[in-house]
């Protein structure tokens, strides 16, 4: 589960309350566009210490969490 | 602005690329020199610049037309230099000929190195630029890509493509502090332009002479330092394509 790590970075980036970020929250609703998502992933790679190839569409925080889990698995 | 930064220069062992390596190193950049075949020359420029300017330089053999090889080389450079701030896509080849008889291999080879090579490099360096929230890309295009050149349809197409790539990347990454510009050299005195000695265009250069690789390198250094310029195509051509 990387939900907390993702939520923390999203909160830092957008200034929204971490409590308001849910797995089903869409990046677009949080004010994060597709390029921001790539950038977010870069920060996560450094934090988690793995390389993730963003080869599929991620719409929600939960999508990204599952993607990272599947890559790490 | 250049001091202490890490730059990658493709095609850095000879010609314009070599002059760019020397220029950036002279301004205090550490440089990863990518070369295709000339290992001795690449090694030589690294050793010479390291001694002369005290910068860190290293040569990497890589065929930029190979997506996977570029990925691995950029990863290796990241490991050894920590990150990348400046990317100069200079690697280029010519396979001149008339379009009516041009073999498809000559089209593919030129597009693969000149256009796809730059794409591959940008593709694999952008992650580092996004992490740093800064980055500067300079693509070495050509006046052939602006005005066309008979006998060089493949080359001109690759360079025109490079200009489209430059402007698209500039738009896509501007909000992240990444700039992307191109330089369009005219006739520059290198091994590559030996085949152009008979070109009638040579007599119509307003400044009346061919350019020097160092004059293109000066323009690269300018664009690297020009914080408010992105998506530009800067001609260094003695006025030939104005």
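Rule-based calculations on the coordinates, nothing more; no lab input. Given the structure is predicted, the values throughout are model-derived calculations rather than measurements. Cβ: placed from backbone, ideal geometry, glycine included. Neighbour counts: every protein chain shown.
What's the average, rounded to a whole number, of partner chain beta-carbon atoms within 10 Å of each residue's beta-carbon in A:32-38?
What the average comes to for A:32-38 is 2.
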Could you check the spin-label model distance between residue A:69 and residue A:12? Points 7 Å from the Cα along Cα→Cβ, value in nm. 2.3
What is the spin-label model distance, in nm, from residue A:55 to residue B:26 if the labels are put 7 Å beyond Cα along the C-beta direction? 4.5
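Can you tell me the FRET efficiency between residue A:33 and residue B:76 if r is taken as the Cβ-Cβ distance and R0 is 30 Å, rounded to the nearest 0.05? Please report the intermediate quantities before stating the final value.
Numbers: r = 31 Å, r/R0 = 1.04.
Working from the Cβ atoms, E equals 0.45.
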Burial order of peptide ranges A:15-22, B:50-57 (average beta-carbon count within 10 Å, highest first): B:50-57, A:15-22
Mind giving me the nanometre distance, one decimal, between the label points for residue B:134 and residue B:201, set 7 Å out from Cα along Cα→Cβ? 3.6
Running a GNM on chain B with Cα contacts under 10 Å, which residue among B:188, B:16, B:140 ends up with the highest mean-square fluctuation? B:188
Over chain B, with a Gaussian network built from C-alpha contacts below 10 Å, which listed residue (B:149, B:139, B:181) shows the highest mean-square fluctuation? B:149
Average other protein chain Cβ within 10 Å of Cβ, residues B:36-48: 0
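What number, rounded to the nearest 500 deg cm²/dmol, is the helix-based mean residue ellipticity at 222 nm of chain B, given -39500 (n - 2.57) per DSSP H run of at least four residues and division by all its residues? Let's see the in-between values first.
On the way: 8 runs with 104 residues, N = 242.
Helix-only estimate at 222 nm: -13500 deg cm²/dmol.
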Could you give the length gained on full extension between residue B:83 and residue B:227, defined as 0.36 nm per residue of separation minus the Cα-Cα distance, in nm? 49.9 nm
Between A:32, A:50, A:61, which gets the highest mean-square fluctuation from a Gaussian network model of chain A, Cα cutoff 10 Å? A:50
Using only the alpha-carbon atoms, how far is helix A:34-48 inclined from the longest principal axis of chain A? Give it as 0 to 90 degrees, nearest 10. 60
